1. Being on the phi < 0 side of the Ramachandran plot and either in a strand (DSSP E or B) or open to solvent by less than 20 Å² (accessible area, probe 1.4 Å) (or both) is the filter here, so list the residues in region 117-133 that pass it.
2. Considering only residues of region 239-281 that are over 22 Å from G340 (Cβ atoms) and of a type in the set (S, T, N, Q), which is farthest from the chain's Cα centre (by Cα)?
3. Among the residues of region 134-162, which ones are among the polar types (S, T, N, Q) and buried (at least 22 other Cβ atoms within 10 Å of the Cβ)?
4. Name the strands (runs of 3 or more DSSP E) wholly within region 276-360 that hold at least 3 residues that are surrounded by fewer than 21 Cβ atoms within 10 Å (Cβ to Cβ)?
5. So if I check each of T277, T349, T292, which one is closer than 24 Å to A50 by Cβ and hydroxyl-bearing (S, T, Y)?
6. Taking the conditions exactly as written (open to solvent by 40 Å² or more (accessible area, probe 1.4 Å) and polar (S, T, N, Q)), does S248 satisfy them or not?
7. Quick check on my filter: what residues within region 178-198 are buried (at least 19 other Cβ atoms within 10 Å of the Cβ) and assigned to a strand (DSSP E or B)?
Amino acid sequence: MKHRRIPGRQAVLTGATVAALVAVGVTFQTANASEPAKTRQPAPLSALAAGKLAATLGEDLGTAAAGTYYEAKSRSLVVNVLDAAAAKTVEAAGAKPRIVENSLAELTGAHTTLKADATIPGTAWVTDPTTNKVVVTADRTVSDTEWAKLAKVVGGLGKVAELQRTKGEFKPFIAGGDTIGGAGGTCSLGFNVVKDGAPYFLTAGHCTDAISTWSDSAGTEIGANETSSFPGNDYGLVKYTADVDHPSEVNLYNGSAQRITGAADATVGMKVTRSGTTTHVHSGTVTGLDATVNYGNGDVVSGLIQTDVCAEPGDSGGSLFSGSSAVGLTSGGSGDCTAGGETFFQPVTEALSATGTQLG
């Protein structure tokens with residue numbers, strides 16, 4: 001097979017409504033939380049190791065667990081728990097316990113209530129383990145009447161949730177990292193994958209919802225849709241129909257690439273990097289999990305990863321990774337990469353499982 005990378009270059013959107021997603025600012029607080037005195041200092045952990053430990057402790061602790069996050073400075077996993085007994089279990093496992101007030105069941109229940117009573121276009125909510133709350137944000141399109149309704153629902157949740165307003169507007173980004181596009185616009189390739197021995201790639205579902213046949217930046221047709229999941233989720237699977245190289249790596253736009261050897265679940269505090277056709281490579285931190293975004297056209301996407309990484313139209317579908325591990329697919333974001341912004345991602349582990357594909 002002739003090896004050829006799909007060329008990456010900045011592209012102009014055509015035939016698609018695109019705009020930046022609103023910033024979802026999180027106010028960090030220490031209320032409702034305390035740390036047990038004189039706890040043993042845990043051994044340093046990488047973010048990926050912390051994510052694996054978080055999954056194990058989540059199973060071991062059951063209802064006594066209330067979320068986790070990674071402290072990059074101390075390289076430790078912080079585990080929210082409800083009592084001293086659970087704190088001892090966390091400490092023994094090599095993590096840092098933190099006793100909080102709101103249980104995971106209460107936080108999950110808040111999401112359920114918001115979905116049932118406050119699914120208003122222009123709103124979003126995310127669990128923030130650092131504040132032990134669900135943070136709800138309304139964008140500038142939410143009317144005074146809708147705001148009053150939202151405030152009533154959030155107020156009814158009491159200490160579990162907080163409400164804030166932002167000046168932007170929630171919209172998905174549609175415009176691997178490499179440029180891909182079609183009649184509906186331009187997006188970015190996420191990750192090359194394999195299914196039943198055949199090559200495919202993952203990108204955003206709102207991209208495959210708008211585009212069915214894909215070309216590279218030179219206009220050469222390279223693939224056709226296999227699966228598209230949007231709204232609800234935001235992933236799409238495209239089957240290669242052309243004889244082009246499809247390495248398991250991400251374009252770093254400096255003449256080199258990051259090899260991808262596996263997939264990882266995101267952890268709050270994890271350092272991540274995003275690659276996309278419009279703004280190329282930018283890095284930041286995971287700031288929230290299980291985010292729900294109600295886009296302005298009424299499309300609701302849940303279970304997203306929230307980060308402080310910037311992105312712009314055309315970056316949709318692009319790769320989010322941590323070292324050699326695939327983490328997410330770009331869904332939408334706020335601001336731009338000059339002033340800064342925030343971006344949401346579809347977890348790649350869910351996309352791989354749902355499509356029956358593997359990295360490689």
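The values are calculated or read from the model by the stated rules, or taken from the named source; none is laboratory data. Given the structure is predicted, the values throughout are model-derived calculations rather than measurements. A quick note on method: Cβ atoms are made from the backbone with ideal geometry, for glycine too, and the neighbour counts reach across all protein chains shown. When the accessible area is computed, the model is the full protein with side chains, heavy atoms only, and any ligands, DNA or RNA have been set aside. Shrake-Rupley method; radii C 1.70, N 1.55, O 1.52, S 1.80 Å.
1. As a first pass, look at region 117-133 and keep what is on the phi < 0 side of the Ramachandran plot: 117-121, 123-131, 133.
Within region 117-133, A118, I120, T123, A124, W125, V126, T127, D128, P129, T131, K133 meet the criteria.
2. T241
3. Going residue by residue through region 134-162, those that are among the polar types (S, T, N, Q) are 137, 141, 143, 145.
Within region 134-162, just T137 meets the criteria.
4. Working: elements: 280-294, 300-307, 319-322, 325-333, 343-347.
Correct list: 280-294, 300-307.
5. Just one listed residue meets the conditions, T349.
6. Details: open to solvent by 40 Å² or more (accessible area, probe 1.4 Å): no; polar (S, T, N, Q): yes.
The answer is no for S248.
7. Selection gives T179, I180, G181, G182, G185, T186, C187, S188, F191, N192, V193.
Conditions (1) at pLDDT below 90; (2) over 24 Å from the mean Cα position of the chain (by Cα); (3) surrounded by 15 or more Cβ atoms within 10 Å (Cβ to Cβ); (4) basic (K, R), marked per residue:
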| residue | (1), (2), (3), (4) |
| --- | --- |
| P36 | yes, yes, yes, no |
| A54 | no, no, yes, no |
| L57 | no, no, yes, no |
| T63 | no, yes, no, no |
